[in-house]
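Presented below is the structure to which this report refers.
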Amino acid sequence: MLNFLSFNAGAQVSPVALQAHFDAPALVGKARLKVIFWDIYDASLIAPQGTFEENKPFALELKYLRDFKGKEIASRSVDEMRDLGMNDEVRLAKWYQEMQDIFPNVKEGEMITGVVDAENVSHFYLNETPLGKVHDKEFSIWFFDIWLSEETSEPEMRRQLLGLVK
(Lines give C-alpha, C1' and ligand atoms only; values in the text may rest on other atoms or scores of the structure.)
Protein backbone atom coordinates (compact mmCIF):
# COMPACT_ATOMS: atom_id res chain seq x y z
CA MET A 1 0.00 0.00 0.00
CA LEU A 2 1.31 3.45 -0.91
CA ASN A 3 1.94 5.94 1.87
CA PHE A 4 0.44 9.36 1.09
CA LEU A 5 0.03 12.46 3.18
CA SER A 6 -3.50 13.74 2.86
CA PHE A 7 -4.14 17.45 2.74
CA ASN A 8 -7.45 19.24 2.79
CA ALA A 9 -9.73 19.06 -0.24
CA GLY A 10 -8.67 15.51 -0.98
CA ALA A 11 -5.23 16.20 -2.49
CA GLN A 12 -2.86 13.28 -2.08
CA VAL A 13 0.79 14.25 -1.88
CA SER A 14 3.60 11.75 -1.96
CA PRO A 15 6.25 12.65 0.59
CA VAL A 16 8.89 11.06 -1.64
CA ALA A 17 7.90 13.14 -4.65
CA LEU A 18 7.45 16.48 -2.92
CA GLN A 19 9.37 16.82 0.33
CA ALA A 20 12.57 15.89 -1.48
CA HIS A 21 12.09 19.00 -3.64
CA PHE A 22 10.63 21.65 -1.32
CA ASP A 23 9.59 22.19 2.28
CA ALA A 24 6.07 22.38 3.68
CA PRO A 25 4.08 21.18 0.63
CA ALA A 26 0.47 22.33 0.83
CA LEU A 27 -2.46 22.53 -1.54
CA VAL A 28 -2.87 25.77 -3.50
CA GLY A 29 -5.97 24.70 -5.45
CA LYS A 30 -7.61 21.83 -7.27
CA ALA A 31 -9.83 21.31 -10.29
CA ARG A 32 -11.37 18.58 -12.44
CA LEU A 33 -10.93 18.44 -16.20
CA LYS A 34 -14.12 17.36 -17.95
CA VAL A 35 -14.49 17.06 -21.70
CA ILE A 36 -18.09 16.94 -22.83
CA PHE A 37 -19.46 14.00 -20.77
CA TRP A 38 -16.15 12.51 -19.65
CA ASP A 39 -14.18 13.16 -16.48
CA ILE A 40 -10.50 13.12 -17.50
CA TYR A 41 -8.48 13.86 -14.35
CA ASP A 42 -8.42 15.69 -11.04
CA ALA A 43 -5.57 18.20 -10.81
CA SER A 44 -3.98 19.60 -7.66
CA LEU A 45 -1.39 22.38 -7.50
CA ILE A 46 0.92 22.13 -4.49
CA ALA A 47 3.55 24.64 -3.39
CA PRO A 48 5.51 25.53 -0.25
CA GLN A 49 3.04 26.67 2.44
CA GLY A 50 0.29 26.51 -0.20
CA THR A 51 1.52 29.67 -1.95
CA PHE A 52 2.34 29.42 -5.66
CA GLU A 53 5.02 31.78 -6.95
CA GLU A 54 6.46 31.78 -10.47
CA ASN A 55 10.09 30.63 -10.61
CA LYS A 56 9.71 28.80 -7.26
CA PRO A 57 9.37 25.02 -6.75
CA PHE A 58 5.88 23.53 -7.06
CA ALA A 59 4.10 20.33 -8.03
CA LEU A 60 1.12 19.51 -10.21
CA GLU A 61 -0.64 16.21 -9.54
CA LEU A 62 -2.97 14.64 -12.08
CA LYS A 63 -5.12 11.79 -10.80
CA TYR A 64 -6.50 10.09 -13.88
CA LEU A 65 -10.18 9.20 -13.96
CA ARG A 66 -9.85 6.97 -17.02
CA ASP A 67 -7.11 4.96 -18.74
CA PHE A 68 -4.67 6.69 -21.11
CA LYS A 69 -1.64 5.63 -23.10
CA GLY A 70 1.57 7.47 -22.28
CA LYS A 71 1.97 8.30 -25.97
CA GLU A 72 -1.46 10.03 -25.92
CA ILE A 73 -0.44 12.11 -22.88
CA ALA A 74 2.80 13.17 -24.61
CA SER A 75 1.00 14.00 -27.88
CA ARG A 76 -1.71 16.05 -26.18
CA SER A 77 0.94 17.93 -24.19
CA VAL A 78 2.75 18.89 -27.39
CA ASP A 79 -0.55 20.03 -28.96
CA GLU A 80 -1.27 22.21 -25.92
CA MET A 81 2.23 23.75 -26.02
CA ARG A 82 1.73 24.56 -29.71
CA ASP A 83 -1.62 26.19 -28.89
CA LEU A 84 0.19 28.35 -26.32
CA GLY A 85 2.56 29.58 -29.03
CA MET A 86 5.56 27.23 -28.92
CA ASN A 87 6.54 26.95 -32.57
CA ASP A 88 10.04 25.43 -32.42
CA GLU A 89 9.20 22.08 -34.02
CA VAL A 90 12.69 20.64 -33.43
CA ARG A 91 12.42 21.34 -29.72
CA LEU A 92 8.81 20.06 -29.59
CA ALA A 93 9.92 16.82 -31.27
CA LYS A 94 12.70 16.41 -28.70
CA TRP A 95 10.28 17.06 -25.83
CA TYR A 96 7.73 14.68 -27.33
CA GLN A 97 10.34 11.91 -27.37
CA GLU A 98 11.37 12.68 -23.77
CA MET A 99 7.74 12.64 -22.61
CA GLN A 100 7.07 9.41 -24.50
CA ASP A 101 10.05 7.86 -22.72
CA ILE A 102 8.84 9.14 -19.32
CA PHE A 103 5.04 8.88 -19.33
CA PRO A 104 3.67 5.36 -18.86
CA ASN A 105 0.25 4.11 -19.76
CA VAL A 106 -1.98 5.07 -16.83
CA LYS A 107 -5.02 3.34 -15.45
CA GLU A 108 -7.99 4.96 -13.78
CA GLY A 109 -7.01 6.01 -10.25
CA GLU A 110 -3.28 6.35 -10.94
CA MET A 111 -1.53 9.66 -10.42
CA ILE A 112 1.28 11.37 -12.30
CA THR A 113 3.02 14.13 -10.35
CA GLY A 114 5.21 16.70 -12.04
CA VAL A 115 7.56 18.63 -9.76
CA VAL A 116 9.57 21.68 -10.78
CA ASP A 117 12.55 22.08 -8.47
CA ALA A 118 14.62 25.18 -7.62
CA GLU A 119 16.83 24.59 -10.70
CA ASN A 120 13.78 24.34 -13.01
CA VAL A 121 14.27 20.61 -13.58
CA SER A 122 10.98 18.77 -14.11
CA HIS A 123 10.71 15.49 -12.17
CA PHE A 124 7.88 13.06 -12.88
CA TYR A 125 6.43 10.32 -10.67
CA LEU A 126 3.78 7.67 -11.10
CA ASN A 127 2.29 7.55 -7.61
CA GLU A 128 5.56 7.33 -5.63
CA THR A 129 7.71 5.77 -8.35
CA PRO A 130 10.15 8.07 -10.17
CA LEU A 131 9.55 8.07 -13.92
CA GLY A 132 12.25 10.45 -15.13
CA LYS A 133 13.20 14.07 -15.42
CA VAL A 134 13.69 16.76 -18.03
CA HIS A 135 16.63 19.10 -17.50
CA ASP A 136 15.37 21.88 -19.77
CA LYS A 137 14.09 25.07 -18.16
CA GLU A 138 12.11 25.95 -21.30
CA PHE A 139 10.35 22.59 -21.14
CA SER A 140 9.37 23.26 -17.52
CA ILE A 141 7.89 26.62 -18.48
CA TRP A 142 5.98 25.44 -21.56
CA PHE A 143 4.80 22.14 -20.10
CA PHE A 144 3.35 23.54 -16.86
CA ASP A 145 1.95 26.57 -18.70
CA ILE A 146 -0.53 24.09 -20.18
CA TRP A 147 -2.34 24.54 -16.84
CA LEU A 148 -0.88 27.74 -15.38
CA SER A 149 -0.57 30.23 -18.26
CA GLU A 150 -3.12 33.00 -18.69
CA GLU A 151 -3.44 31.67 -22.27
CA THR A 152 -4.34 28.11 -21.18
CA SER A 153 -7.14 26.35 -23.02
CA GLU A 154 -8.81 25.83 -19.61
CA PRO A 155 -8.95 29.27 -17.88
CA GLU A 156 -11.45 28.19 -15.21
CA MET A 157 -9.26 25.24 -14.29
CA ARG A 158 -6.28 27.61 -14.00
CA ARG A 159 -8.22 29.90 -11.65
CA GLN A 160 -9.19 26.95 -9.47
CA LEU A 161 -5.64 25.56 -9.38
CA LEU A 162 -4.22 28.95 -8.40
CA GLY A 163 -6.82 29.31 -5.68
CA LEU A 164 -8.36 32.37 -7.35
CA VAL A 165 -11.90 30.96 -7.12
CA LYS A 166 -13.53 30.89 -3.68
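The values are calculated or read from the model by the stated rules, or taken from the named source; none is laboratory data. Keep in mind the model is a prediction, meaning the values are calculated, not measured. Here Cβ is always computed from backbone atoms with ideal geometry, including for glycine, and neighbour counts include all displayed protein chains. The accessibility values were calculated without ligands, DNA or RNA, using every heavy atom of the protein model including side chains. Shrake-Rupley method; radii C 1.70, N 1.55, O 1.52, S 1.80 Å.
For the chain, report the accessible area per residue in Å² (1.4 Å probe, heavy atoms, rounded to an integer). Numbers along the way, then the final one.
Details: 8920 Å² over 166 residues.
Ligands and nucleic acids excluded, the result is 54 Å² per residue.
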Discussion item. Could you compute how much accessible surface D88 exposes when probed at 1.4 Å, giving the result in Å² to the nearest 10?
Written reply: 60
Worksheet item: Between K56 and residues 5 or more places away or on another chain, which pairs have amide H atoms under 5 Å apart, with H built 1.01 Å from N, and which residues are they?
Response: none
Fill in: Cβ charges +1 (Lys, Arg) and -1 (Asp, Glu), total dipole of the chain, debye
420
Response to the item:
Cα extents of the chain per principal axis, largest first, Å, are 40, 38, 33
Worksheet item: If you roll a 1.4 Å probe over the chain with all protein chains in place, what percent of the accessible area is carbon or sulfur?
Response: 49
Item to complete: Obtain the nm distance between the two label points defined at F52 and Q19 by a simple spin-label model: each point lies 7 Å from its Cα along the Cα-to-C-beta direction.
Response: 2.4
Practice prompt. Kindly sort S122, S75 by accessible area of their heavy atoms, largest first, with the probe set to 1.4 Å.
Written response: S75, S122
Worksheet item: Short version: ³J(HN,Hα) in whole Hz for each residue of the stretch 25-35, in order, from phi by Karplus 6.51 cos²θ - 1.76 cosθ + 1.60 (θ = phi - 60°), x for Gly and Pro, what are they?
Response: x, 8, 5, 8, x, 9, 7, 10, 8, 10, 10
Worksheet entry | Full-extension gain in nm, Q100 to V165, via 0.36 nm per residue minus C-alpha separation | 20.0 nm
